[in-house]
Amino acid sequence: EVQLVESGGGLVQPGGSLRLSCAASGVTFSSYEMNWVRQAPGKGLEWVSYIGSSGTTIYYADSVKGRFTISRDNTKNTLHLQMNSLRAEDTAVYYCAREVDLLGFAWFDPWGQGTLVTVSS
Amino acid sequence: DIQMTQSPSSLSASIGDRVTITCRASQNITSYLNWYQQKPGKAPKVLIFAASSLQSGVPSRFSGSGSGTDFTLTISSLQPEDFASYYCQQSYNTPGLYTFGQGTKLDIK
């Protein structure tokens, strides 16, 4: 069974930095594309970033471009999200999710349990 | 960017009701549309991918339809465990640049 477990969330001041991790098990991690998705308190889902299986193809939502960096370590089955210049509006639960691709169609399954990031002074 | 608009934003229904949630894309996304269910405090779970394909293990009372810009998620007979929030997601621009609808909260009438 595929399991994704996020860590690294917490309280940080505006302008600060935080590094999230997502540990994968039960899957050949290096074969899969991965994504980060966030959800502000009481709000909907917002896609944040994508990384290809080898780590060379990367995309970001405009809201985090230039501030966040996605990366992966396939030797350690781990996905990361480095978050710099954090703002109050980055406060959210951050989920990592495996991307499943079939015949050109893509969806997210499974998702981790999420880690809460709170940006506040 | 592709925008996704769900309706309604919230919905009250009773056990056994047939429920339909709509998702509209700002441009043609053919069948690149997924549906997720999220219960309070839990991670989302995929129900439907490629507009109408039922994810393994998901009850057959869930179904998806549509193509182009207009899509629907239908629950044929609501069960207690179905009260949750539902989100559509476009994957037309894969890889990356995915967009979710704003969500529909389904609660008990």
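Quick note: the coordinates plus some simple rules give every number you see, no bench work behind them. What you are looking at is a predicted structure, and each value in this text was computed from that prediction instead of being measured. FYI the Cβ positions are ideal-geometry reconstructions off the backbone, even for glycines, and counts take in every protein chain you see.
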Worksheet item: Cβ under 15 Å from residue A:22's Cβ, residue A:22 left aside: what net charge do those residues give with Lys, Arg +1 and Asp, Glu -1?
Response: 0
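Do the alpha carbons of any pairs in B:39/B:105; B:45/B:109; A:65/B:45; A:43/B:42; A:43/A:65 sit beyond 19 Å of each other, and which pairs?
Checking Cα-Cα distances, B:45/B:109; A:65/B:45; A:43/A:65 exceed 19 Å.
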Discussion item. Could you tell me how far the Cα centroid of region B:6-64 sits from the Cα centroid of region B:76-109, in Å?
Written reply: 5
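If you take the Cα atoms of region B:14-109, find Rg, then find the Kirkwood Rh from the mean of 1/r over all pairs, what is Rg/Rh?
With Rg and the Kirkwood Rh in hand, the quotient comes to 0.95.
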Worksheet item: What area, in nm² and to one decimal, does the C-alpha convex hull of region A:51-119 cast on average over all directions?
Response: 5.5
Worksheet, complete the sentence: Each label sits 7 Å from Cα toward the beta-carbon; between residue A:121 and residue B:30 the label points are separated, in nm, by 5.0
Practice prompt. Check each of the trypsin sites (Lys or Arg not before Pro) in region A:12-78 and keep only those in coil by DSSP with at most 15 other C-beta atoms within 10 angstrom; list them in order.
Written response: A:43, A:65, A:67, A:76
Worksheet entry | Highest to lowest packing among B:37-45, A:54-62, scored as the average C-beta count within 10 Å | B:37-45, A:54-62
Item to complete: Write down Rg/Rh for region A:1-98, rounded to two decimals, with Rg from the C-alpha atoms and Rh from the Kirkwood relation over Cα pairs.
Response: 0.95
Worksheet item: Fully extended, how many nm does the chain gain between residue A:71 and residue A:57 (0.36 nm per residue separation, minus their Cα-Cα distance)?
Response: 4.0 nm
Response to the item:
The long-range amide H neighbours of residue B:6, using H built 1.01 Å from N in the peptide plane and a cut-off of under 5 Å, are B:24, B:102, B:103
Worksheet item: Taking the Cα centre of the protein assembly as shown as the origin and placing charges on Cβ (Lys, Arg +1; Asp, Glu -1), which of A:96, A:120, A:27 is farthest toward the positive end of the dipole?
Response: A:120
Worksheet entry | Debye equation applied to the C-alpha atoms of the protein assembly as shown, log10 I(q)/I(0) at 0.10, 0.13 Å⁻¹ | -0.44, -0.75
